[in-house]
Amino acid sequence: MATQAADTPLEAENPDAVVVRFAGDSGDGMQLTGGQFTLSTALAGNDLATFPDFPAEIRAPQGTLFGVSAFQINFGSRQINTAGDAPDVLVAMNPAALKVNLAALKPGGLIIADTGEFTKRNLDKAKYESNPLEDGSLAKYDVLAFDISALTIEAVKPFGLGNKDALRSKNMWTLGLALWMFDRPREPLHEWLRAKFKTKPDIANANIAALDAGHAYGETAELSGPLKQVHVAPVASAPGLYRTITGAEAVSLGLVAGAQLAELPMFFGGYPITPASAILHHLTRLKEFGVTTFQAEDEIAAVCAAIGASYAGQLGVTSSSGPGIALKTEAIGLGIMTELPLVIVNSQRGGPSTGLPTKTEQSDLYQAVYGRNGDAPMPVIAARSPSDAFDCAIEACRIAVQYMTPVMLLTDGYIANAAEPWKVPDPASYEKFPVEFLTERNDGDRLLPYKRDVKGARPWIKPGTPGLLHRIGGIEKHELTGNIDYSPDNHQRMTDARKAKVEGIAVPDQDVALGESTGKLAVVGWGSTYGPIHQAVGRARRKGLDVSHIHVRHIWPLPANLGALLKGFDKILLPEMNTGQFKTVLRDQFLVDAEPLTKTSGQPFQIAELEEAIDKYFDDIPGNEGGEVPANEQQLPVSESGHDDGSYPDAPFHGDDAALPGEGSDTGAVNQ
Amino acid sequence: MNAPVKIETTLKDWETDQEVRWCPGCGDYAILKAVQRTLPQLGADPANTVFISGIGCSSRFPYYMESYGFHTIHGRAPAVATGVKLANPDLDIWLVTGDGDGLSIGGNHLMHVLRRNVNMQIMLFNNEIYGLTKGQYSPTSREGTKSPSTPLGSYDHPARPAAFALGSGARFVGRGFDVSKNLPDVLKAAHAHQGAAFIEIFQNCIVYNKDVFNDFAAPKGAEDRQLWLENGEPMLFAGGARGIALDRDRLELKVVDVVDGDWQAAEVLVHDVTNRSIAHMLIEMPFGPFPMALGVLYDDPRPTFETAVIEERAKASEGKTADLAKLLGKGQTWTVSGTAADPV
């Protein structure tokens, strides 16, 4: 094996961060391997970020390039904000996995490959003309190739499984090796397997045997090959209780918390759509928190039922992704017109139309801010990371009930599926915002359903309340009585009132995430670009560049101080995973020359490409700032197809025993 | 769900201060009065009653009822009503829709509210035309209907609301027409039914589809053309001179003559509201050779959707407490003290 002098953390005594990518066939259980490795890593005290990336097909044909499923994790002894640019280690369970992922691997990086799968047939399927493990084409990497398949079969032999069943433990063998490599304890995995296969002790033991064999193999192989143990020290974290959390989990928990803080039961109307379904799956298991979930006949019914529930006095919530949000749009207008609370979660994905169901994008910002008929203002909040989605969901609930308005919470496919450590908050530390329904007439002897409070909100009146009979609807109504009123002056006043209410929402002042509040360059972001921007700005600042990071949570209304803050910088760079949508909003609202840096490859920004874009501002190269980032080969694998509305069959669902991945195709690879 | 308390009201108590704005002579006026007359007889509580509608002439209905009301968007009233009912099952919900609202743009929602069996009364005003948008043909318009959008006559085959409802799984299907004195009885039976109760109400659009139901609805000769069904009673019409029997060879209904009132000899069927097969046949009877079947065609309750939702929620919550702090810290966690991490 040729080993170049390369800058990989594996060479270092105690690297501060390592990026590992597990890649295999969608039947190989890579998501489960990654998910369990993530837990072990979290338990070891590293900070981490993950990126599951899997095909849109439920069961793609075995061994094909478009059937490759990958899970990347970046972990370290310092703060980690992204899943990492290029992996240091690539675990390739078959030729297709190697082919799809090799371009991303760092030069000098380590490839761990299962020779048992590098058969003529599999090489053909992966469109390899010769075996890359043998033809010298991998010379610039370290390669550790051995027959994981045979070793697994050998390890589970005592349990009397057939070869086909035995091979399903391959991912556990691989996980065992990875645990050894990064010096992680096996016990939590043993416990997890025993619990998962409580009724099938043989299967549990076979998987444990495979895991242990992989671990033991590492110890032996260390003596002879490029494999060596790497120690990544724990990160210095604030003391407290931690867990890992995905964005979908955080949104669900945040909604439950929000409903509790509002002292309301929650009604969630949903319709299956990638990548938003996980929220429905999660909430339906939380009935003891006063949560009612309703899988409706379509997206429209899901939002309409939520509006109906809000009308009847519960906190109505609905969730979807871009195409589903498009369908809900008319009903959202009804919510705005009737001034009822409603939380709409949009887990954005690549668009337009069906677009890229399993890939991430931030291209629904126009839809969120502007995308309705009529003047229909609606607050919009964007979460920047999986754990941030918890606070954002609470904030969305607060605004919805305090201002009697629909609120849209934007996340995206990356946030929904990625996991990160989360310091478990104390619910008591959040300020309650209990709802008070109107119980008596509010204008002497009269009821005025549209009489506004100081916030501009109308009263919330539950049907069933004696003495407060009234009618509401989507048709323009009198500014006080709510009766039908098309008169010109009334419509002018109602339009103004709806606008003023939303624009008057109390939004915290914008802070600076990193750097000074004035200077040469501000990199402004929103949503899931937080991680890469933060890291890139951090690196640039360490090089002495005068650059700051501003990350906007409140997309609409914008923080009152944001305009002045932006004007304190000579230049504004706005990276976003669309063609420049937030840029348009900032230019429109503040007349600032925000320069776009756009990317729509379905993959998150890399730190390196942002760093490069920042550097150009300090190069004195004219006309070289900003622009479009080309799709980067060093990205995670892009599946070759995605012909229909795919799903995440194997999204990891940490922390919920009942919801551990076990039904999807990828996860079938745990012996059961 | 609590047993509803009977409240004493009069027709006047159900009238709002809003000016009713249907065209003079519109069948909707008669339906409005029939509903306002029926509710006091039911002992309904205005504060507990919610009228929910979509879009169209019929959907203005809630504004004229002194109760709670929600005028929603086109076709979506069943979905909104489902959310209202799940959030507060004690509310008594009346859904108002039309042939365009309920069977065209909102056909999907109507199907699902029926098959789920959400407890509410669904009144579909069928005037076989789009009235509010000025007279285009609708999904129930008969073939050959000339309208602004079909100047040469329509060629779609019309949908049959009652057949659609039964086919969607409705457990109650009733039929009446705007000016019929029997309409309140159908409404009362629908209200008594626990579950989604579907009532097709033929309604005369005086401007765009005038008198289209006169063949059976006109008072003159009504006896010969209307079959009013009553549970446990023989299916007789034409003053008892004719009845409906089963053609056992073809498994179809047939009209038979009844001689000297001996309907048994003529094998006239006795109406059993729980007989789904006969209900299908009654709904499908072609008007002309047969009379129009009216009244309660089918009524066979089964558990409602909201009851199942409530029971499941109660069962799933059994022995669990809503401890948010515990929920947040669920799963595999670890504690950090200083810089060292220990699994817990």
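Scanning the range A:109-124 for residues that are under 29 Å from the mean Cα position of the chain (by Cα) and among the β-branched types (Val, Ile, Thr) returns A:111, A:112. Restricting attention to the range B:324-336, the residues that are surrounded by fewer than 13 Cβ atoms within 10 Å (Cβ to Cβ) and part of a loop (DSSP other than H, G, I, E, B) total 0. Only one of the numbered conditions (1) out of contact with any strand residue (DSSP E or B) (no Cβ under 8 Å at 6 or more places or on another chain); (2) surrounded by 24 or more Cβ atoms within 10 Å (Cβ to Cβ); (3) within 8 Å of chain B (Cβ to nearest Cβ); (4) in contact (Cβ under 8 Å) with a residue 40 or more places away in the chain is not met by residue A:339, and that is (3).
Has the range B:97-104 got at least one residue that is touching a Ser or Thr at 6+ places or on another chain (Cβ under 8 Å), within 14 Å of another protein chain (Cβ to nearest Cβ) and of a type outside the set (S, T, N, Q)? There is at least one residue in the range B:97-104 that is touching a Ser or Thr at 6+ places or on another chain (Cβ under 8 Å), within 14 Å of another protein chain (Cβ to nearest Cβ) and of a type outside the set (S, T, N, Q). Do we have residue A:102 as among the hydrophobic types (A, V, I, L, M, F, W, C), at pLDDT 90 or above, under 22 Å from residue A:601 (Cα atoms) and surrounded by fewer than 24 Cβ atoms within 10 Å (Cβ to Cβ) here? Against the criterion (among the hydrophobic types (A, V, I, L, M, F, W, C), at pLDDT 90 or above, under 22 Å from residue A:601 (Cα atoms) and surrounded by fewer than 24 Cβ atoms within 10 Å (Cβ to Cβ)), residue A:102 qualifies.
Considering only residues that are surrounded by fewer than 22 Cβ atoms within 10 Å (Cβ to Cβ) and touching a residue at least 60 places away in the same chain (Cβ under 8 Å), look in the range A:522-545 and name the one that is nearest to the chain's Cα centre (by Cα). Result: A:539. Given the residues A:498, A:471, which is the only one that is touching a helix residue (DSSP H, G or I) at 6+ places or on another chain (Cβ under 6 Å), among the charged types (D, E, K, R) and at pLDDT 95 or above? Every option except A:471 fails the conditions.
Within the range A:444-464, the residues that satisfy the criterion of being surrounded by fewer than 18 Cβ atoms within 10 Å (Cβ to Cβ) and free of Cβ contacts under 8 Å to residues at least 60 places away in the same chain are A:444, A:445, A:446, A:451, A:452, A:453, A:454, A:455. Candidates are the residues of the range A:400-435 that are more than 14 Å from chain B (Cβ to nearest Cβ) and among the hydroxyl-bearing types (Ser, Thr, Tyr); the one that is nearest to residue A:236 (Cα to Cα) is A:414.
Scanning the range A:277-317 for residues that are of a type outside the set (A, V, I, L, M) and more than 10 Å from every other protein chain (Cβ to nearest Cβ) gives A:277, A:281, A:282, A:295, A:299.
Counting only residues that are part of a loop (DSSP other than H, G, I, E, B), under 28 Å from residue A:495 (Cβ atoms) and not acidic (Asp, Glu), the range A:364-400 holds 8 of them. Would you confirm whether any residue within the range A:507-517 is over 19 Å from residue A:388 (Cα atoms) and either touching a residue at least 40 places away in the same chain (Cβ under 8 Å) or basic (Lys, Arg) (or both)? The answer is yes, given that some residue of the range A:507-517 is over 19 Å from residue A:388 (Cα atoms) and either touching a residue at least 40 places away in the same chain (Cβ under 8 Å) or basic (Lys, Arg) (or both). For the range A:29-60, which positions are assigned to a loop (DSSP other than H, G, I, E, B) and more than 16 Å from residue A:275 (Cα to Cα)? Answer for the range A:29-60, where residues must be assigned to a loop (DSSP other than H, G, I, E, B) and more than 16 Å from residue A:275 (Cα to Cα): A:29, A:44, A:45, A:46, A:59, A:60.
Here residue A:487 meets the list (1) within 24 Å of residue A:330 (Cα to Cα); (2) touching a helix residue (DSSP H, G or I) at 6+ places or on another chain (Cβ under 8 Å) almost entirely, failing just condition (2). Scanning the range A:402-428 for residues that are part of a loop (DSSP other than H, G, I, E, B) and on the phi < 0 side of the Ramachandran plot turns up A:405, A:418, A:424, A:425, A:426. Looking across the range A:465-497 at every residue that is more than 23 Å from residue B:52 (Cβ to Cβ) and within 42 Å of the chain's Cα centre (by Cα), the one that is surrounded by the most Cβ atoms within 10 Å (Cβ to Cβ) is identified as A:479.
If you go through the range A:436-473 and keep only what is polar (S, T, N, Q) and within 14 Å of chain B (Cβ to nearest Cβ), you end up with A:439, A:465.
Considering only residues of the range B:284-323 that are at positive phi and more than 10 Å from chain A (Cβ to nearest Cβ), which is surrounded by the most Cβ atoms within 10 Å (Cβ to Cβ)? Within the range B:284-323, the match that is surrounded by the most Cβ atoms within 10 Å (Cβ to Cβ) is B:295. Only one entry of A:440, A:431 meets the criterion of being surrounded by fewer than 22 Cβ atoms within 10 Å (Cβ to Cβ), of a type in the set (D, E, K, R), in a loop (DSSP other than H, G, I, E, B) and in contact (Cβ under 8 Å) with a residue 60 or more places away in the chain, and that entry is A:431. Can you pull out every residue in the range A:387-403 that is hydroxyl-bearing (Ser, Thr, Tyr) and free of Cβ contacts under 8 Å to residues at least 60 places away in the same chain? Matches in the range A:387-403: none. Considering only the range B:54-73, state which residues are facing another protein chain (nearest Cβ under 8 Å), within 17 Å of residue B:133 (Cβ to Cβ) and either touching a Lys or Arg at 6+ places or on another chain (Cβ under 8 Å) or surrounded by fewer than 24 Cβ atoms within 10 Å (Cβ to Cβ) (or both). Result: B:71, single match.
The values are calculated or read from the model by the stated rules, or taken from the named source; none is laboratory data. These numbers were taken from a predicted model, which means no experiment stands behind them. Positions of Cβ are generated from backbone atoms using ideal geometry, with glycine treated the same way; all protein chains shown enter the neighbour counts.
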